[in-house]
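Taken together, the values in this text are just the output of simple stated rules run on the coordinates, not laboratory data. Fair warning: this is a prediction, and the values are worked out from it, not measured in the lab. We place every Cβ from the backbone using ideal geometry, glycine too, and count neighbours over all the protein chains shown.
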Amino acid sequence: MNSSSPSSAASTRMVTLDVARFRPESEPAPSWQSYQVPVLEEWTVLDALNHVKDHIDGSLSYRWSCHMAVCGSCGMMVNGNPTLSCKSFLRELPDQIRIEPLANLKVIRDLVVEQNRLIDGMAAAKTWLIPREPPPADQAYRQTPAQLAQYRPLSMCINCMLCYAACPQVALNPGYLGPAALALAQRYNLDSRDAGAIERMQTTASDDGVWECTFIGECSEVCPKHVDPAGAIQQMKLASSLEWFKRRLGLGGDA
Amino acid sequence: MKTQSFQPQLPTFWWLQRGNYRRYMLRELTSLPIAVYAVWLILALLRLGQGAEAWAAFRASLATPAAIGLQLIVLVFAVVHSVSWFALAPRTMPIYIGTRRVADAWIAAAHYLAWAVLSVLIFLAIGV
């Protein structure tokens, strides 16, 4: 975090932040509030928000923690784009910036959204290891680099929910498990230690699962960790179809 | 403390908002002319079943400027549909050799190759 404050010299760049505020105790819907912020060259949108919080308006609410695109807390809409505000440099943005909470999600206050959609989706899709066999008594599970490579890109998810803000299906179907939860389910499906793929299909191949996805692909475009949830979901559609055919032919069906 | 959260609404014209949304809608739209063409093919089978005279009349109707124009439009949409589909295919079926993921271009190229081979086989089968 940059704790220094810009000088008030004439050369200091001034940026206008138009921030969507929502104070549920006093207003039924969000409203706009503008802040004039003197900024430094190396600042991100998050630094500017921190300046507002520290020096202009302490009542502004938003989530953040690591300031280095790892924790996944500071996602918000910056000029309409789902973005990690700590990764969004002011030098690449105009002097007037529109900041809103992540789209498609319920707003609790100002820029803070409900995260239930992801958490509940992960629980429903069982995004944890369902072991093939108990771990070896005296050693860790073994996995080759090739087995690791299968799921490693999907394991990069930081649960920031930018993909939920990018996905119209999240808004259109309130039950849809969502891009990140499904990508994480596929992360475990592809893990050599895991045997839960068929079990996960109970939800991931249901009416709230992968078939709700129409492969718009914007989730993968906005992902700060290049996870490609859209690709993972299509792979799950393929697996779900193959499983359906297998059952039709009286093969498999062990769950 | 229980507070009231705000549920934002998706605008009716959400699909105009982003380049990716517009490309997606175009890709979905291409299925409509292809559906029209599928009906047209079924009609062809129907006319074929009605005898040589009906078939000849149907073939003549295909050669009219309006029919040729419609077929060209369908062709353009079919090409857009196929190209956009093949562009997405590598993400649906990633292939790993050891720890390396096979480049998307190879998987897309395999689809184009299969397309070409099948087209040649069909042309050979119908004796063009």
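Quick look at the numbers
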{"item": "Exposure proxy order (Cβ contacts within 10 Å, fewest to most) of A:152, A:142", "result": "A:142, A:152"}
{"item": "A:164, A:151 arranged by Cβ crowding within 10 Å, fewest neighbours leading", "result": "A:151, A:164"}
{"item": "Among B:109-118, A:103-112, A:182-191, the order from most to least packed when residues are scored by Cβ within 10 Å on average", "result": "A:182-191, A:103-112, B:109-118"}
{"item": "Cα-based Kirkwood hydrodynamic radius, chain A, one decimal, Å", "result": "20.1 Å"}
{"item": "The range A:84-134: Cα Rg divided by the 2.2 N^0.38 Å rule of thumb", "result": "1.79"}
{"item": "Backbone HN-Hα couplings from phi across the range A:149-155 [Karplus 6.51/-1.76/1.60, Hz, Gly and Pro as x]", "result": "4, 4, 10, 4, x, 6, 7"}
{"item": "Principal semi-axes in Å for the range A:134-196 [√(5λ), Cα gyration tensor, largest first]", "result": "30, 12, 9"}
{"item": "Two-decimal ratio, the range A:122-255, of alpha-carbon radius of gyration to 2.2 N^0.38 Å", "result": "1.07"}
{"item": "Partner chain coverage, peptide B:89-102 - average Cβ within 10 angstrom", "result": "4"}
{"item": "Ellipsoid semi-axes in whole angstrom, largest first, where each is sqrt(5λ) of the Cα gyration tensor of the range A:61-176", "result": "33, 18, 12"}
{"item": "Rh (Kirkwood; distinct C-alpha pairs) - the range A:191-243, Å", "result": "11.9 Å"}
{"item": "Cysteines in chain A lacking a second Cys C-beta under 4.7 Å", "result": "A:74, A:86, A:157, A:160, A:167, A:213, A:223"}
{"item": "Table column - 3J(HN,Hα) (Hz), the range B:82-87, Karplus curve with 6.51, -1.76, 1.60, x for Gly and Pro", "result": "5, 5, 5, 5, 5, 5"}
{"item": "Karplus-derived HN-Hα couplings along the range B:6-19 (A = 6.51, B = -1.76, C = 1.60, θ = phi - 60°), whole Hz, x at Gly and Pro", "result": "10, 9, x, 9, 6, x, 4, 9, 4, 6, 9, 6, 10, x"}
{"item": "Percent RCO, i.e. relative contact order, over chain B, from Cα pairs under 8 Å lying at least 6 residues apart", "result": "19 percent"}
{"item": "The range B:39-115: radius of gyration over Cα atoms, expressed as a fraction of 2.2 N^0.38 Å", "result": "1.72"}
